[in-house]
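The values are calculated or read from the model by the stated rules, or taken from the named source; none is laboratory data. All of these numbers come straight from a predicted model, not from anything done at the bench. Cβ: placed from backbone, ideal geometry, glycine included. Neighbour counts: every protein chain shown.
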Amino acid sequence: MAAYGLSHLVGEKLLPFLEEEVPVGLPYNHFFIFPEKRMRPELLNGAFPGTSGTVSETGWSNGFIFREYLENHFLKFVPRSDNQKVLLLLDGHRSHVSVDLIEWAKEQGIIIFILPAHTSHILQPMDVSCYGPLEKINNNLCHKLMRESSATITRYNVCEVAGKAYTRALSPENIQSGFRKSGIYPLNPEAIRMEYLAPAEVFKQISPITNTTPSEKNTHEDAVNSGNEEDNGGFVME
């Protein structure tokens with residue numbers, strides 16, 4: 001079972017990175033995207049073994065980068081036997097959905113499953129149990145580094161900080177909890193309560209005459225109509 005997500009770390013600019021959810025006991029192999037024009041080795045200073053990355057002018061992912069991630073990083077580290085299928089859970093970002101990508105994934109034994117729109121907070125295991133601790137731990141580590149060394153968080157030390165945060169936040173317990181609470185594994189269709197999927201309620205406009213009696217309502221309507229006649233030279237506009 002593997003899942004894909006997208007997060008941001010504090011840095012000179014927001015640095016997105018792709019991450020894998022892997023079975024318990026295996027290392028976490030990060031893939032960073034830096035806001036640069038050319039990938040340089042020093043950008044991965046302090047990174048854990050197996051960490052890789054690339055660059056984009058915007059610092060965000062796109063279809064080309066996502067394909068590069070899957071081919072050169074994801075397949076290298078995802079554990080499976082020769083004929084075992086891999087379930088890849090994705091949100092509906094446009095970089096995740098293309099005919100070429102889906103055909104390639106089928107050839108590689110990867111089953112791409114796009115989560116329904118606006119459900120990541122209850123169906124994406126990372127959102128459910130890991131992002132909260134990750135954000136808190138990462139912020140604490142950043143503040144500690146800046147407090148103790150007067151250093152700032154840049155693209156040249158973000159890998160080191162992120163690796164420490166991930167080791168603590170993506171614990172076996174948190175990962176298993178995310179899959180369990182989202183009902184993905186063990187498969188549990190009743191894990192998500194129906195009220196979590198209810199459509200948003202629109203505020204209803206309260207009529208100023210809702211609680212009036214019929215005679216009071218008629219009086220109010222007569223007054224409104226009379227006012228309309230005056231405003232329109234005695235003619236009622238319908």
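Odds and ends about this structure:
- Residue, farthest from the chain's Cα centre (by Cα), within region 150-172, restricted to residues that are modelled with pLDDT of 90 or more and more than 20 Å from residue 43 (Cα to Cα): 168
- Subset of region 101-141 (residues that are part of a helix (DSSP H, G or I) and among the aromatic types (Phe, Trp, Tyr)): 104, 131
- Of the residues making up region 17-64, not one is among the small types (Gly, Ala, Ser), at pLDDT below 90 and part of a strand (DSSP E or B).
- Residues of region 101-115 that are free of Cβ contacts under 8 Å to residues at least 12 places away in the same chain and not basic (Lys, Arg): 102, 103, 107.
- In region 70-84, residue surrounded by the fewest Cβ atoms within 10 Å (Cβ to Cβ) [restricted to those that are more than 24 Å from the chain's Cα centre (by Cα) and touching a residue at least 24 places away in the same chain (Cβ under 8 Å)]: 83
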